[in-house]
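For reference, the structure is listed below as structure tokens.
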Amino acid sequence: MKLSFIIVHYQVKDLLRNCILSIKKYIQDLEYEIIVVDNNSPDSEWKNLISEFPDVNFIALDKNFGFSKANNIGVKASKGEYIYILNPDTELEGYYFQDILDFADHQEKFGALGLRMHDAQGKFLPESKRSVPALINSFEKLFTKLSNDSKTYYRNDIGESEIAEVEVMTGANLLMKKSVYEEVGGFDEHYFMYGEDIDLCYTILRKGYKNFYYGKASILHYKGESTVKDKVYLNRFFGAMDIFINKYYKKQKPFQYILMKIGLKFKHFIEARKIKN
């Protein structure tokens with residue numbers, strides 16, 4: 001089998017249905033499978049999709065294990081040479097996957113690849129191509145909104161429709177060989193959600209592989225449809241960033257670590273006050 005789609009679902013049944021339909025529409029002449037891992041959604045109506053799509057492998061978890069562990073469970077059940085981590089609130093938009101796989105097959109030391117993403121209004125989503133968090137670009141991400149053509153946190157130096165090597169893509173759509181995923185240990189399960197994609201992409205790079213942004217093809221991403229922006233969200237988001245800098249900066253770059261730690265705490269405080277008010 002060439003390709004396994006891994007979709008971690010939580011409480012967005014209708015979007016998940018559209019995601020599956022888009023795969024079935026656009027993936028042709030290619031042996032593939034779809035694996036859906038439900039993270040114990042409170043509303044059990046998603047189970048109606050099981051009879052609607054009998055060829056999809058649905059895995060129902062008995063608790064919400066978070067994005068990282070649920071994906072690791074899905075990948076373990078997969079049979080494809082390649083795995084494609086895909087959010088349930090996304091849709092494929094063309095017959096381009098054979099070209100993407102051909103591209104990946106011909107790359108030396110292929111690590112991972114992410115497609116161009118846009119929202120329901122057609123606006124490009126800059127998290128499609130990113131840098132590894134460091135002192136300067138983290139400050140830019142947290143406190144400014146730069147939109148120039150420089151190489152900052154969001155890779156503004158790379159055009160939306162280009163194909164280029166980048167460091168980090170988003171976990172909303174991430175293609176890699178299953179063998180590479182297994183070699184690097186998959187998603188770090190210390191991350192419940194957020195940050196795990198940055199960590200995985202960085203780990204792949206540290207193993208000597210190359211990551212790519214593939215701007216010739218796009219997916220629609222109904223960004224944040226299953227996310228409630230509350231105190232829990234803030235704690236998970238900033239907690240994920242804290243895990244990352246503790247893991248890669250605390251011992252290796254202590255001065256940058258202290259400054260980044262202060263910046264994260266300050267930004268977390270500001271955002272928490274907005275929710276409280």
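Which one of these is crowded, with 18+ Cβ neighbours inside 10 Å, of a type in the set (D, E, K, R) and out of contact with any Ser or Thr (no Cβ under 8 Å at 6 or more places or on another chain): D14, D29, D38?
Going through D14, D29, D38 in turn, just one is crowded, with 18+ Cβ neighbours inside 10 Å, of a type in the set (D, E, K, R) and out of contact with any Ser or Thr (no Cβ under 8 Å at 6 or more places or on another chain): D38.
Regarding Y10, is this residue in the same structural domain as D199 (by TED's automatic domain parsing) and at pLDDT 95 or above?
No, not satisfied.
Take E52 and tell me if it is among the charged types (D, E, K, R) and modelled with pLDDT of 95 or more.
It is true that E52 is among the charged types (D, E, K, R) and modelled with pLDDT of 95 or more.
Can you tell me how many residues within the stretch 1-44 are touching a strand residue (DSSP E or B) at 6+ places or on another chain (Cβ under 9 Å), more than 25 Å from F192 (Cβ to Cβ) and among the acidic types (D, E)?
Count: 2.
Looking only at the stretch 167-218, count every residue that is at pLDDT 95 or above, crowded, with 23+ Cβ neighbours inside 10 Å and of a type in the set (A, V, I, L, M, F, W, C) and tell me the total.
4
Cβ-Cβ below 7 Å, separation at least six or inter-chain, first residue in the stretch 94-109 and at positive phi and touching a residue at least 60 places away in the same chain (Cβ under 8 Å), second surrounded by fewer than 17 Cβ atoms within 10 Å (Cβ to Cβ) and not in a helix (DSSP H, G or I): which pairs?
Within 7 Å, the pairs are K109/G208; K109/K210.
Where the second residue is among the hydroxyl-bearing types (S, T, Y) and the first is in a helix (DSSP H, G or I) and lies in the stretch 190-204, which pairs have Cβ atoms under 7 Å and are six or more apart or on separate chains?
If the second residue must be among the hydroxyl-bearing types (S, T, Y), the pairs left are E196/S68; D197/T170; D199/Y191.
The values are calculated or read from the model by the stated rules, or taken from the named source; none is laboratory data. These figures come from a predicted structure and were not determined experimentally. In this analysis, Cβ positions are derived from the backbone assuming ideal geometry, glycine residues included, and neighbour counts consider all displayed protein chains.
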